[in-house]
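The values are calculated or read from the model by the stated rules, or taken from the named source; none is laboratory data. What you see is a predicted model, and the numbers here were worked out from it, not measured in a lab. When we count neighbours, we look across all protein chains shown, and the Cβ atoms used for this are built from the backbone with ideal geometry, even at glycine.
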Amino acid sequence: MIDKPLSSQFRPLGKRLKALRDLANETLAEASGAVEIDVKQLASYELGQAKPSEDVLLLLISHFGAKDDEAVRIWELAGYGTSRVPLAHMANDASDIPPSVIGESHVLFTDVVDVIVNNYGVVMNFMQSSAPHKPPATVARVGMSREHAKSVLQILQATLAQTERSGLKLPKKLIAPDSQTPDEAPRN
């Protein structure tokens with residue numbers, strides 16, 4: 001139906017998104033920062049003036065912890081097919097699905113990390129180089145609060161220090177390629 005004015009075309013979707021944000025007791029700035037979109041953009045979604053992309057809508061649904069029926073309804077209000085709705089939202093009883101849906105034996109190895117810090121938290125983009133002269137491809141994105149990021153840093157430092165003290169046969173010094181200074185370059 002194209003007889004609806006563009007400014008109100010997504011009003012039902014916007015009302016649902018605003019209701020979720022209100023239920024989470026978050027400001028526009030907090031919610032937009034958590035999913036890394038502009039405050040004005042989130043406001044335009046809530047006013048029904050624009051439709052979020054599938055990826056942004058998935059982030060919003062996940063961030064607000066929408067219940068299964070609500071998540072599917074929001075997805076449908078946006079006019080997207082159900083092929084990208086997470087399986088957890090399509091199941092009748094999501095409590096039967098273990099939190100670690102990714103196979104526990106599946107490990108992603110990366111050689112590049114990009115860290116973004118804003119007022120609301122930290123996002124780490126883990127990337128893998130594929131070929132010379134090609135940009136690395138993102139293989140995982142992990143977001144967390146600043147406090148949790150500090151905790152992760154402490155755990156990494158303690159674990160690495162313990163590993164080094166235990167005498168495992170590891171290289172004497174691990175240096176990220178992009179952080180080497182000329183005097184730290186590997187010597188043969």
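Residues in the stretch 1-46 that are within 22 Å of R141 (Cα to Cα) and out of contact with any Leu (no Cβ under 7 Å at 6 or more places or on another chain) were compared, and the one that is modelled with the highest pLDDT is Q41. The numbered conditions (1) loosely packed, with under 12 Cβ neighbours inside 10 Å; (2) closer than 28 Å to L28 by Cα; (3) modelled with pLDDT of 85 or more are all true for V152 except (1).
When you scan the stretch 90-99, do you find a residue that is modelled with pLDDT of 80 or more and part of a loop (DSSP other than H, G, I, E, B), even just one? No, the conditions are met nowhere in the stretch 90-99.
Among the conditions (1) at pLDDT below 55; (2) more than 30 Å from V39 (Cβ to Cβ), the only one that V85 does not satisfy is (2). Can you tell which of G121, G65 is modelled with pLDDT under 80 and under 19 Å from the mean Cα position of the chain (by Cα)? Just one listed residue meets the conditions, G121. Residues that are within 17 Å of V56 (Cα to Cα) and part of a helix (DSSP H, G or I) within the stretch 20-36 comprise L20, R21, L28, A29, E30, A31, S32, G33, A34, listed in sequence order.
Residues of the stretch 20-70 that are surrounded by fewer than 16 Cβ atoms within 10 Å (Cβ to Cβ) and basic (K, R): K40, K67.
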